[in-house]
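Heads up, the thing below is written out as structure tokens.
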Amino acid sequence: MRWSTVDELIEYGPFLAEGFLENIKLSLVGFVVSMVLGTILVIMRVSPTPVLRAAGTIYVNVVRNTPLTLVLAFSALGLSDTLGLAFSDVPRTNSFWVVALGLSAYTAAFVCEALRAGINTVPMGQAEAARAIGLTFMQTLMLIVLPQAFRVVIAPLGSVVIAMIKNTTVATAGGYLADAAANMKEVFDTTGASIPIFLGIVVAFMAVTLPIGFLTGWLARRLAVAR
Amino acid sequence: MSTSVLFDAPGPRARVRNHLLTVVSILLVAAVLWFIYTGFDAKNQWEGKIWEPFLQATTWTDFVIPGLLGTLRAAGAAAVLALVFGAVFGLARLSDHKWIRVPAGAVVETFRAIPLLLLIFFIFYLFPTVFGGGDYAFISVVLGLMLYNGSVLAEVVRAGVRSIPKGQSEAAYAIGMRKNQVMRLVLLPQAVTAMMPAIVSQLVVLLKDTALGYIIAYVDLLNMGFKILPAAFFGSLIPAAIVIGIIYVGLNMALSALATWLERRSRRSRKSIVPPIAPPGPAAVGMGTGTPGAGALEGME
């Protein structure tokens, strides 16, 4: 076993940290885009238009049952390489956006399901009252139902975000070979498996995910809808 | 709340608006499909030549089915090991002895927090240095899946046993049962019914995650579809990706349907007095079971 090699962690530390920063960047883009997409999807899924409802349902069910590795590999090899979908001329920047959007498209399905569960907890009287004072569907949703639904599902959304942060390591499958997992693999290629390096990256991930868990837990309690 | 209360029964004007929206959304969906179709068409992806391999029996027997078997073998081995791991550590966390409970809790919480791919990479590189050369792709995938999903299942087991009302074990102790009898004869039979749906949805996650083996070149369905098949039949990447995508979605949907069916069944069941528990979140978030939306996470990792 290679406990004796703590200096390897120090030697490769900056390289690994650089990779970890890419995971953070992917997470930030993924968070914003998947929240927006997820909200649009949930509006589609509860809308009065059957076609939109069906489209939303099919999207969520297909994406939820597809491995993320397949989504990212398809985005990279299929959409980007074969179809020539390009976000940038620089290959590295291009694959960053391919992975970020693939990750967001995947996560959005889970955001949508969390929000839908939240909508289901809002008492019927809320929507009935909104309709009674003449609000339209979009007004009912935006002003009355969704704000309450979001507050109810803060903790599950936190879990979705944590899962997404852990999922950024799959970026390798999408051809983005600059994140912590890819860099760890590169270092292991020269040093062999190193326990300090592995633990270092794991601790870095925990340092991000655990506070998010506690923060969303705290927010969920603080913002809970009193009923 | 049923979602239909979000809007009134449509009157004449709303009906017109709805029809209009329907037409617009059909056009939108059609436009997206058309965009994909023409995009593929422009790159000659609908040519018979590159789809033809999938009409030949040998493509299926030489590539797709061996790949599928690779995926199922890894998933099967990992599922059995993860169930054992989960049962052992879940029960260990419920132990009355602190020296068992605390280390088991530490193991479970740690493996739930580690990104699975990092774990698989680490095992993949660790084994050759410990056991010498050889092909460790299968072992790495199975062990990684076992440790991660086993830890999640341990939480399921713990939540399942704890969801049984205290009166059950108190009554069992009162009639003179031992600790192991209480667990074996009273708590577990009821807990298993409540746990079943969460266990099956975790197995869907496990099946999906076998695809991570692609990254360390384990020959599974994904590897066959994205690397080996396109290499054998030039230009067949997109058709292969679509075919194996359908297989993955079909497999997982069948398993998910089983989970839903089990959940409905155990809700009706009179074997257990508790409703089915929701699957736990991916990390130590302190999210109790029964939190609305906890089930939305099913299958995320």
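Throughout, read-outs are computed from the coordinates displayed, never taken from laboratory work. Everything quoted here is computed from the prediction, not taken from an experiment. For neighbour counting, all protein chains shown are included, and Cβ atoms are generated from backbone atoms with ideal geometry for every residue, glycine included.
Structure notes:
- Springs between Cα atoms under 10 Å define the GNM used for chain B, and in it the highest mean-square fluctuation of B:Gly76, B:Gly150, B:Gly90 occurs at B:Gly76.
- Magnitude of the charge dipole for chain A, about its Cα centre and with charges confined to Cβ atoms of Lys, Arg (+1) and Asp, Glu (-1), is about 1220 debye.
- Of A:Pro50, A:Val153, A:Ala163, farthest towards positive along the dipole that unit charges on Lys, Arg, Asp, Glu beta carbons give chain A: A:Pro50
- Fully extending the segment from A:Arg227 to A:Thr136, taken as 0.36 nm per residue of separation minus the present Cα-Cα distance, adds 30.3 nm.
- Inter-chain shielding of A:73-82 (mean C-beta neighbours from other protein chains, 10 Å cut-off): 5
- A Gaussian network model of chain B, with springs between Cα atoms under 10 Å, assigns the largest mean-square fluctuation among B:Thr129, B:Thr22, B:Thr38 to B:Thr22.
- Global form of chain B, assessed from the alpha-carbon gyration tensor, a/c cut-off 1.5: oblate
- Helix axis angle, A:195-222 relative to chain A longest principal axis, alpha carbon, degrees: 20 degrees
- Seen from A:Val46, the other residues with C-beta closer than 12 Å to its C-beta sum to a net charge of +3, counting Lys and Arg as +1 and Asp and Glu as -1.
- Three semi-axes describe the equivalent ellipsoid of the protein assembly as shown; taken as square roots of 5 times the Cα gyration tensor eigenvalues and ordered largest first, they are 35, 35, 23 Å.
- Magnitude of the charge dipole, chain B, Cβ model with Lys/Arg +1 and Asp/Glu -1, debye to 20: 1300 debye
- Amide proton proximity set for B:Gln45, modelled H, under 5 Å, gap of 5+: none
- Helix-only CD estimate at 222 nm, as mean residue ellipticity for the protein assembly as shown, using -39500 (n - 2.57) per DSSP H run (n ≥ 4): -22500 deg cm²/dmol
- In Å, descending, principal axis extents of the Cα set of the range A:1-154: 69, 40, 27
- For A:Met124 and B:Tyr37, the FRET efficiency from 1/(1 + (r/R0)^6), where r spans their Cβ atoms and R0 equals 45 Å, is about 0.60.
- Inter-centroid distance (Cα atoms) of the range B:239-270 relative to the range A:1-77, Å: 22 Å
- On Cα atoms only, tilt of B:237-268 relative to the major axis of chain B in degrees: 30 degrees
- Gaussian network model of chain B, springs between alpha carbon atoms under 10 Å - residue of B:Gln202, B:Gln190, B:Gln168 with greatest fluctuation: B:Gln168
- Working from label points 7 Å from Cα in the Cα-to-Cβ sense, the B:Trp261 to B:Ile26 distance is 3.5 nm.
- A simple spin-label model places pseudo-atoms 7 Å from Cα toward Cβ; at B:Ile247 and A:Arg53 they are separated by 3.6 nm.
- Rounded FRET efficiency, nearest 0.05, which uses the C-beta distance separating B:Thr129 from A:Val203 and R0 of 22 Å: 0.50
- Between A:Phe15 and A:Asn61, the FRET efficiency from the beta-carbon distance, with R0 = 35 Å, is close to 0.30.
- In degrees, nearest ten, helix B:12-42 long axis to first principal axis of chain B (Cα): 70 degrees
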